[in-house]
Amino acid sequence: MNALHTWLSQQHHGLHTFREFQQKLYEACKDEPDHKGLCRLLNSVVDNYVDTFDEAPLPVAVADHAYHRLLDLVAGIDFSASAEQRLATINRVAASDLLP
C-alpha cells in the first residue's frame, strides 16, 4: 500500500487520478489477495465519489478535500498490522466518504 500512497501523493486531484487509483488498487489486490476485502471497500469509497461527479462540474474545494481524504485513508493502511488494527482500518474505511 506504500507504493500506492507514494503514487497518489504525486498526482493531481482530478477525477482521472481517482479512476487510475481504482485501477492501481485492483492490481494491488492481485498482489495482496488476503486484503481483498479492504481493497474492495476502498474502491467502493472512491467509486461513490467518481460516480457523483462523472460528467458533472467538480468544484476545486471538493476535489482538494476528496484527494487529501483519500491520501489520509491510504496512509493509514498497513497490511502488516495486527488483526485488531486491520479491523479498525477496515471499519474506518467502511465509514469513510470522500464527499464533504
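Given the conditions (1) surrounded by 12 or more Cβ atoms within 10 Å (Cβ to Cβ); (2) more than 10 Å from the chain's Cα centre (by Cα), report the number of the one that Ser80 does not fulfil.
(1)
Looking at the range 8-22, which of its residues are more than 20 Å from Ser44 (Cβ to Cβ) and in a helix (DSSP H, G or I)?
Passing the criteria: only Ser9.
Mind checking which residues of the range 18-39 are among the polar types (S, T, N, Q) and more than 10 Å from the chain's Cα centre (by Cα)?
Result: Gln23, single match.
For the range 40-84, give me the residue count where each residue is of a type outside the set (Ser, Thr, Tyr), free of Cβ contacts under 8 Å to residues at least 24 places away in the same chain, part of a helix (DSSP H, G or I) and closer than 23 Å to Lys30 by Cβ.
3
Here is a list: Leu42, Leu87. Which entry is closer than 24 Å to Ala3 by Cβ and under 10 Å from the mean Cα position of the chain (by Cα)?
Leu42
Bear in mind that the values in this text are calculations on the coordinates, not laboratory data. Keep in mind it's a predicted model, so treat the numbers as computed, not measured. As a convention, Cβ positions derive from the backbone with ideal geometry for all residues, glycine included, and neighbour counts pool all protein chains shown.
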